[in-house]
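The values are calculated or read from the model by the stated rules, or taken from the named source; none is laboratory data. Predicted, not measured: the structure shown is a model, and the values here were computed from it. Neighbour counts are summed over all protein chains in view; Cβ atoms, including those assigned to glycine, are modelled from backbone coordinates with ideal geometry.
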Number of protein chains: 2
Amino acid sequence: MRGCPYGTHRVIEPKGVLPQTAVKIDNTMEIYDNEILIDVKTLNIDSASFTQIKEQAGGDVEKIKEIMLNIVKERGKHQNPVTGSGGMLIGVVEKIGKDLEGKIDLKVGDKIATLVSLSLTPLRIDKILNVKKDIDQVDIEGKAILFESGIYAKLPDDMPETLALAALDVAGAPAQTAKLVKPGDYVLILGAAGKSGLLCCYEAKKRAGVTGKVIGFARPGEAAERLKKTNFCDVVIEGDATQPVEVLNKVLEYTGGRYVDIAINVVNVPNTEMATILPVRDNGIVYFFSMATSFTKAALGAEGVGKDVNMIIGNGYTKGHAEITLQVLRESQILREIFESIYA
Amino acid sequence: MRGCPYGTHRVIEPKGVLPQTAVKIDNTMEIYDNEILIDVKTLNIDSASFTQIKEQAGGDVEKIKEIMLNIVKERGKHQNPVTGSGGMLIGVVEKIGKDLEGKIDLKVGDKIATLVSLSLTPLRIDKILNVKKDIDQVDIEGKAILFESGIYAKLPDDMPETLALAALDVAGAPAQTAKLVKPGDYVLILGAAGKSGLLCCYEAKKRAGVTGKVIGFARPGEAAERLKKTNFCDVVIEGDATQPVEVLNKVLEYTGGRYVDIAINVVNVPNTEMATILPVRDNGIVYFFSMATSFTKAALGAEGVGKDVNMIIGNGYTKGHAEITLQVLRESQILREIFESIYA
Ligand SMILES: NC(=O)c1ccc[n+]([C@@H]2O[C@H](COP(=O)([O-])OP(=O)(O)OC[C@H]3O[C@@H](n4cnc5c(N)ncnc54)[C@H](OP(=O)(O)O)[C@@H]3O)[C@@H](O)[C@H]2O)c1
Ligand SMILES: NC(=O)c1ccc[n+]([C@@H]2O[C@H](COP(=O)([O-])OP(=O)(O)OC[C@H]3O[C@@H](n4cnc5c(N)ncnc54)[C@H](OP(=O)(O)O)[C@@H]3O)[C@@H](O)[C@H]2O)c1
């Protein structure tokens, strides 16, 4: 039997919507003829989601496991009901539906990372083996399904799997940064010391060039120090991205009053919309990649201060995003070392 | 005493954020030296918000009043806690802070519409006089405050106030449509028969021209029939915007398989993100104006189906948006008549 390429055939509630929008999907592991069955090894939980789960669990690993199992039991997928977001996974191709066999570049046994969100991926967790609290990764025994329209990447053999997983989780961010930043641009990156932050800073500097400026904004601490050492940023400003006026003043102080051309938000906590909007010049670009972004806070907040800026919703996908992101890790020795020290 | 131009001096909770983000602001009506006091006449509640309130009240006018009064009592502003959105207001300038006097083009007694959201405007409601359930407008006795950075428009004297209020409430939508649509574009407008929908259809046709196509999508009914009669659209397709695959198929059937260049969402109910995304071509534009848009549903939904589209958050403000919108009502006799029949 053939399913809808987008997976509507597995939506239980509400009817007619796509799996990401659904509150419950069917996670039975008999595949349709145009689906792929994956034997899952590791989940990479979206940072905004994992931050929320850790907080709810008070940091307790057993509670984290319980929350995760309950989410999948209730929804048939790992979609955090508070943040709405998912993450992605790596695993081994176990079975390919007969309508897809031979038509795609995958065979049984291939190691892949899914590039669609866990928030729409049918998932069954049989056992949680290991919760790596500091890097948002969770090793499990379980199965998942990829729809016909679902995208994936074969894992490269020149880097550890968990490293590739970490980078691919946020592949949209550096790829979009590469598209948006032009030579001479002043670029502000909020959450610059995080995973996507580091990738975006590297990519932004490469594009903005010597005539541009990359301003990294990060919470004070070890990660900020590490970012400074990379020299990706022309300056690293320390502070709290939930305090918009403070962020604005610090940025303008550094630039001597010039507003930035582009601000990129890769923070993983709520209420950072206005700190991203205020420092941007009229007709500049505000790029929200954070899953903790509120649509109304951005739309009405910008209006509220009369800011004529172009605000973009960070699409997790853009053409070639996986290749671009893995390439960055090959290109930059410093980045590779940092990612290896954390994720490998 | 002088307040922050953005109004942070009135934020009670949480500290440091801007008034739109705040859950509670100070609505005492003694103004700071850089604030403006307005004697409020009518509120125009945001459509997504008013739809939610009406639903919660089961359509009962007394319950609607109670919900509205409670929102303002709790928050010091009319911000719907479910949708996060506000609306705008018209009223008469009652007092101008001494730091602003003479420096702005307003004097006491001027009739104005605020162009910043009610979700950040300090408001006191003394009495609700009249709830106009069908047009989202509520006459009140009360006061409001405009911050120094707040934008406003003097009410034109060539049209009824409530008509100007209705149009100005959604001024961002036609102004952005004018900027985005290029000659020859195929444009899909979801919620085309609504207030912003009509304005956007008119503006889109003007820009797309004879070589372009404007596809209006609306729920079957009186409003859809009215839209057809305007001839703003090359076609009006009837259906339900919460059913993405259905919308996609109907659009492709009309275009003969060509995906659209731009989709504009001006619907007032949740779960219409994917119907907006699916019919758009690669590298096309998805413009979300609806306040019922979910950031994560858009970002992860697009990724989930591997759609490389540029998704824009509908900024309520863009330069000249009030003038552009009022001009449309002067330019188009049909539009003017429809708006007068509903709102005047
Ligand atoms: N659009 C998409 O498709 C997509 C896909 C994947 C991920 N995402 C989103 O992208 C965001 C970043 O993900 P990630 O994996 O890069 O997360 P990450 O590595 O955890 O980085 C987040 C960074 O934000 C910093 N931060 C937190 N609160 C802050 C504050 N108040 N002020 C300044 N900085 C603050 C964190 O600092 P500390 O370490 O000090 O807390 C951290 O460095 C997340 O919101 C995630 O949900 C989006
Ligand atoms: N970004 C901003 O700054 C900003 C400012 C103002 C307003 N807005 C938002 O813009 C949106 C439109 O506002 P508006 O004042 O133009 O609202 P409106 O006049 O109520 O129009 C909404 C339209 O959507 C239609 N609709 C509802 N459910 C539908 C469905 N399932 N399928 C197809 N059509 C459907 C409605 O049809 P029925 O009449 O049959 O229900 C109506 O024609 C709202 O979400 C509002 O919150 C945004």
Practice prompt. Could you please tell me which pairs satisfy a Cβ distance under 7 Å, a separation of 6+ or placement on different chains, a first residue in region B:160-187 that is within 10 Å of ligand 2 (Cβ to nearest atom), and a second residue that is outside any helix (DSSP H, G or I) and polar (S, T, N, Q)?
Written response: B:166/B:44; B:169/B:44; B:172/B:315; B:172/B:318; B:176/B:318
Worksheet, complete the sentence: Checked region A:158-193 for anything surrounded by 20 or more Cβ atoms within 10 Å (Cβ to Cβ), among the charged types (D, E, K, R) and within 16 Å of ligand 1 (Cβ to nearest atom); matches are A:169
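Would you check if there is a residue in region B:297-315 being more than 16 Å from ligand 1 (Cβ to nearest atom), within 23 Å of residue B:176 (Cα to Cα) and of a type outside the set (Asp, Glu)?
Yes, region B:297-315 contains a residue that is more than 16 Å from ligand 1 (Cβ to nearest atom), within 23 Å of residue B:176 (Cα to Cα) and of a type outside the set (Asp, Glu).
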Worksheet, complete the sentence: Among residues of region A:285-296 being within 16 Å of ligand 1 (Cβ to nearest atom) and of a type in the set (Val, Ile, Thr), the residue farthest from residue B:87 (Cα to Cα) is A:285
Worksheet, complete the sentence: Counting only residues in region A:290-306 that are assigned to a loop (DSSP other than H, G, I, E, B) and within 7 Å of another protein chain (Cβ to nearest Cβ), the one surrounded by the most Cβ atoms within 10 Å (Cβ to Cβ) is identified as A:291
Worksheet, complete the sentence: Expected single match for of a type in the set (Val, Ile, Thr) and touching a helix residue (DSSP H, G or I) at 6+ places or on another chain (Cβ under 6 Å) among B:96, B:90 is B:90
Worksheet item: Of the residues that make up region B:332-340, is at least one more than 7 Å from every other protein chain (Cβ to nearest Cβ), in a loop (DSSP other than H, G, I, E, B) and modelled with pLDDT under 95?
Response: no
Worksheet item: Can you name every residue in region A:194-234 that is within 16 Å of the chain's Cα centre (by Cα) and either near ligand 1 (Cβ under 9 Å from one of its atoms) or under 18 Å from residue A:249 (Cα atoms) (or both)?
Response: A:194, A:195, A:196, A:197, A:198, A:199, A:200
Item to complete: Sort out which residues of region A:107-126 are surrounded by fewer than 17 Cβ atoms within 10 Å (Cβ to Cβ) and over 24 Å from residue A:344 (Cβ atoms), and write them in order of number.
Response: A:107, A:108, A:126
Fill in: Selection status of residue A:286, away from chain B (no Cβ under 11 Å) and either surrounded by fewer than 24 Cβ atoms within 10 Å (Cβ to Cβ) or not in a helix (DSSP H, G or I) (or both)
no
Discussion item. Filter region B:308-326 down to the residues that are within 7 Å of chain A (Cβ to nearest Cβ) and either touching a helix residue (DSSP H, G or I) at 6+ places or on another chain (Cβ under 7 Å) or over 24 Å from residue A:319 (Cβ atoms) (or both) and list them by number.
Written reply: B:309, B:311, B:313, B:314, B:315, B:316, B:317, B:318, B:319
Fill in: Selection count, region B:160-192, where residues are closer than 19 Å to residue B:330 by Cα and away from chain A (no Cβ under 13 Å)
11
Discussion item. Step by step: first the residues of region B:1-29, then only those that are farther than 16 Å from residue B:97 by Cβ and among the aliphatic types (A, V, I, L, M), then the one that is farthest from the other protein chains (Cβ to nearest Cβ). Which residue is that?
Written reply: B:12
Discussion item. Go through (1) more than 23 Å from residue B:333 (Cβ to Cβ); (2) surrounded by fewer than 22 Cβ atoms within 10 Å (Cβ to Cβ) for residue B:147 and report which single condition fails.
Written reply: (2)
Worksheet item: Are any of the residues in region B:33-44 at pLDDT 95 or above, more than 26 Å from the chain's Cα centre (by Cα) and over 13 Å from residue B:121 (Cβ atoms)?
Response: yes
Worksheet entry | Number of the condition not met by residue B:84 [criteria: (1) under 30 Å from residue B:336 (Cβ atoms); (2) facing chain A (nearest Cβ under 10 Å)] | (1)
Response to the item:
Sole miss for residue B:107 among (1) in contact (Cβ under 8 Å) with a residue 40 or more places away in the chain; (2) more than 16 Å from ligand 2 (Cβ to nearest atom) is condition (1)
Practice prompt. Look through B:139, B:157 and report the one residue that is outside any loop (DSSP other than H, G, I, E, B) and either free of Cβ contacts under 8 Å to residues at least 40 places away in the same chain or away from every other protein chain (no Cβ under 14 Å) (or both).
Written response: B:139
Practice prompt. Return the total of residues in region A:238-263 being more than 14 Å from every other protein chain (Cβ to nearest Cβ) and either near ligand 1 (Cβ under 9 Å from one of its atoms) or under 20 Å from residue A:174 (Cα atoms) (or both).
Written response: 4
Discussion item. Here is a check on your reading of the model: is residue A:154 more than 16 Å from ligand 2 (Cβ to nearest atom), of a type in the set (Lys, Arg) and buried (at least 22 other Cβ atoms within 10 Å of the Cβ)?
Written reply: no
Worksheet, complete the sentence: Restricting region A:1-15 to residues that are without any contact (Cβ under 8 Å) to a residue 12 or more places away in the chain and surrounded by fewer than 17 Cβ atoms within 10 Å (Cβ to Cβ), the one farthest from the chain's Cα centre (by Cα) turns out to be A:15
Discussion item. Which count do you get for residues in region B:46-80 that are within 15 Å of ligand 2 (Cβ to nearest atom), touching a helix residue (DSSP H, G or I) at 6+ places or on another chain (Cβ under 9 Å) and free of Cβ contacts under 8 Å to residues at least 60 places away in the same chain?
Written reply: 4
Worksheet, complete the sentence: Among residues of region A:294-328 being more than 15 Å from the chain's Cα centre (by Cα) and over 30 Å from residue A:242 (Cα atoms), the residue nearest to ligand 2 (Cβ to nearest atom) is A:319
